[in-house]
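Step one of this worksheet: look at the structure below.
The values are calculated or read from the model by the stated rules, or taken from the named source; none is laboratory data. The structure presented is a predicted model; accordingly, all values stated were derived computationally and were not measured. Cβ placement follows ideal geometry from the backbone for every residue including glycine, while neighbour counts extend to all protein chains displayed. Just so you know, the surface numbers come from the protein's heavy atoms only, side chains and all, with ligands and any DNA or RNA stripped out. Shrake-Rupley method; radii C 1.70, N 1.55, O 1.52, S 1.80 Å.
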Amino acid sequence: MRSTQAIGRLTAGPPRRPPAATGAQGSGEPAACGARAVDEDVPGAVGRELRDLLADRLADCHGLDPVFARDVAERTARFTRRGGRRIRPRLLWWSMRACGGGDPAQVRVALRTAAALELLQTCALVHDDLMDQAPTRRGAPALHADVTAQYAGAAPQPAAQRLGASTAVLAGDLALAWADDALAGLLLKPGLPRDTAHQLHEVWRVMRTEMVAGQYLDVRGQAVSGTPGRSLRAACLKSALYTVERPLQLGAVLAGADEATTGTLRRAGRCAGLAFQLRDDLDDLFADPRVTGKPSGADVREGTPTYPLAVARALADTAGDRQALGVLDHAMGRAGLTDGELAAVREVVAGTGARDHVEARIARLDRRCLRHLGEAALEPAAAGRLRGLLAEITGSAGKAPESAVAPRATTLAAAGTEAGR
C-alpha cells in the first residue's frame, strides 16, 4: 500500500521548527528543560497528562449521572490510565525530538496529542475485545466481561451479557469522543501555528478511518477466506499505519519537519509497523505465553487469517498438500482447540515454509526501516532513541536473514505488492 504523501528530495540542513505559541515561554524556563524531563520518562509524562485530562472528563460525567459515571466513564478512564507500553505516544515523542522539536509549546501539544492517541487506543481495544469475546485485557477482565460479572447477580445471564456488550460499545465511543475533544482543544488554541493545526487535523482524520478499516478487514477475514495479500492489507492498515507510521508523522508535524523528512519517517514507520504485526502474528503461534502474556493460538481459535496462516494455506494449496490444508480447515475458528491440534497447526506453518518466509520478510522490513531512518536529516541523539524504539517494536534482532526464505515461498512474491513491501 503506497504512501499518500509524496517523498521529496532530502535536504541536508536541520529540520525547521514552527514558531512557538504565543505566551509559551511565560515561565522563563529554558526551551529544552521541559523536553529533557519528558525524555527521561515519556510514558510517565503521558500518564500525568492523561490523569489531568481524565479528571476533568470524569467530573463532567459525575455531574450527568453517578451510575453512568461509575459503570462507563470510570471504567474507561481506568482502562486508559492502566495503559500498555505506550508505544504510540513514545513514537510520536521521539519522532518530534528527532525532527528538532522540543520547545515548551511543542512539548505541551505533543503530550496532549499523545494522550488523545491513548484514548483512541482505548476505543480500539475495548471494541476489539468485544468483537473477539476476549475475557481479559492487560491482566484484568475485559471491559465487557467486567460489566457482565458486576450485574450477573442482579439480572438474568443473557441480560447481563447484553449489558456488558452494550457498555463496551458505549465505553469505546466515549473514549473516542474524549480523544477527539482533546485534539479539538489543541486545534482551537490561538497560539498553534495554522499550518501545524491543519496538518495535525488531517493526519488525525485519516488515521481514525484507517483504524476502523483495518479492524473491519480483520473481522471480515474471520468470516471470509482471504489471500496473503488481503492479510497484509489488514496488517498494513491496522498496525503499520495506525500503530507506527501515523504517530511518527504526528511527531514530525508537531516539530515542523519538512515534507521530505516527514515522508522518510513515514516510510520507515510503515516498514517497522508491518514487521511489528508479522512478528505479533508469529508470536501468537510460537512464542511462550509466559513471555507474551496471552494464550497461544488466539488467532487460530478466532479464525483470524493472519499473514503466516494465509501463507501456509497458499503454500499447501500450491503443493497439493491436502493433509496440511485439512489441519488448517479443522483448526481455524475452533474455540475449543486442544494443545495437540494447535501443535499440528504450528507444524503446518513451519513445514510448508511459511514461518521461514515470514521471518525473512520481517528481516527485510527491518533493514528497510533502518535504511529510511538513515536517509532522514534527524537530530543524532534523538534519532538513536527512535531507532532503538523501532527495534523494540519489530523484535527483529537475531532473526532469520533474507536467504532463509524457503524455495516454495517464492510463489508468494506477488502477494506483497498490495501492502507495500
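A few notes on this one:
- Using just its DSSP H runs of length 4 or more, each adding -39500 (n - 2.57), the chain gives a mean residue ellipticity at 222 nm of -21500 deg cm²/dmol after division by all residues.
- Residue-count net charge about residue 164 - beta-carbon cut-off 12 Å; Lys, Arg +1, Asp, Glu -1: -1
- Amide H within-cut-off set for residue 137, under 5 Å, with H built and near neighbours excluded: 142
- Segment 281-357: relative contact order as a whole-number percent, Cα under 8 Å and 6+ apart: 33
- Read-out Rg and Dmax of the Cα atoms in Å, derived from the coordinates shown; its label in [x] 22.3, 72; [y] 19.0, 55; [z] 21.3, 59: [x]
- The heavy atoms of residue 332 offer some 50 square angstrom of accessible surface to a 1.4 angstrom probe.
- Taking amide hydrogens as placed 1.01 Å from N in the peptide plane, the amide H of residue 191 sits under 5 Å from those of 22, each at least 5 positions away in sequence or on another chain.
- Relative contact order %, the chain, counting alpha carbon pairs below 8 Å whose residues are six or more apart: 22
- Residue with peak Gaussian network fluctuation, the chain [Cα springs, cutoff 10 Å], from 164, 63, 251: 63
- Segment 207-285, relative contact order in percent, only Cα pairs under 8 angstrom and at least six apart counted: 33
- When 144, 201 are compared by accessible area at a 1.4 angstrom probe, the order from most to least is 201, 144.
- Estimated distance in nm for a label pair at residue 138 and residue 162, the labels positioned 7 Å out from Cα along Cα-to-Cβ: 3.0
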